[in-house]
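Working notes, beginning with the structure itself.
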Amino acid sequence: MSDLEGYGELRVVPAAGERELADWRTVHNTIIPTAVLSADEVRERAGRNRLEVAYLDGVAVGCSTVRPPDEETPAATVIARILPGYRRRGFGTTLYEQGLAHARTLSGAGVETVVLASNEEGLRFALARGFAEVERYVLPGDTIPFVTLRLA
């Protein structure tokens, strides 16, 4: 919990209950409209990833994902998402730093993040924290690429 720059109390909690999972899903689907997730898909992700929701005075303003390394990616992945109306207040930094601390306990092979290419603010956020682009890919049926970045 923190009172960031007078904006109120930011609380970051695990997406464990139905309310938190629904709030995580709402934030995710708002920020990534090209890869909308169902409630069942979010529950499945919660079983293999660390999902958290950021609440500002009880309102969901962001969410994060920390994915452990897998067969394809030896690095841990940290993704912090903040709804557009709540950006540039330090909330994304709080989510990112918490996720980064956890990710570093999962892998010695580095940390990556993934940002939808149309999310210019998200790309600037990642680049400002030392990430460098390593790959762009388009999911089947999509036209907007995702950008994978690695922490240098």
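Things to note:
- Here is the figure for segment 30-52: residues that are more than 22 Å from residue 98 (Cβ to Cβ), open to solvent by less than 80 Å² (accessible area, probe 1.4 Å) and either out of contact with any Leu (no Cβ under 8 Å at 6 or more places or on another chain) or not small (Gly, Ala, Ser) (or both) total 2.
- With respect to the conditions (1) open to solvent by 10 Å² or more (accessible area, probe 1.4 Å); (2) touching a Lys or Arg at 6+ places or on another chain (Cβ under 9 Å), residue 90 falls short on a single one, namely (2).
- Index of the failed condition, residue 142 passing every other in (1) outside any loop (DSSP other than H, G, I, E, B); (2) touching a residue at least 60 places away in the same chain (Cβ under 8 Å): (1)
- Pairs linking a residue in segment 42-61 that is of a type in the set (D, E, K, R) to a residue that is surrounded by fewer than 18 Cβ atoms within 10 Å (Cβ to Cβ) and not in a helix (DSSP H, G or I), with Cβ atoms under 7 Å and 6 or more positions apart or on different chains, are 52/13; 52/14; 57/8; 57/9.
- The residue pairs whose first member lies in segment 68-86 and is free of Cβ contacts under 8 Å to residues at least 60 places away in the same chain and under 21 Å from residue 27 (Cβ atoms), whose second member is part of a strand (DSSP E or B) and among the polar types (S, T, N, Q), and whose beta carbons are closer than 6 Å, counting only pairs six or more residues apart or on different chains, are 78/113; 79/65; 79/113; 80/64.
- Members of segment 53-78 found to be crowded, with 17+ Cβ neighbours inside 10 Å and over 23 Å from residue 108 (Cβ atoms), listed by number: 53, 54, 55, 56, 60, 61, 62, 63
The values are calculated or read from the model by the stated rules, or taken from the named source; none is laboratory data. Remember, it's a predicted structure, so these values are computed and weren't measured experimentally. Cβ sites come from the backbone with ideal geometry, for glycine too, and all protein chains shown count toward neighbours. Side chains are part of the model used for accessible areas, which takes the heavy atoms of the whole protein and leaves out ligands, DNA and RNA. Shrake-Rupley method; radii C 1.70, N 1.55, O 1.52, S 1.80 Å.
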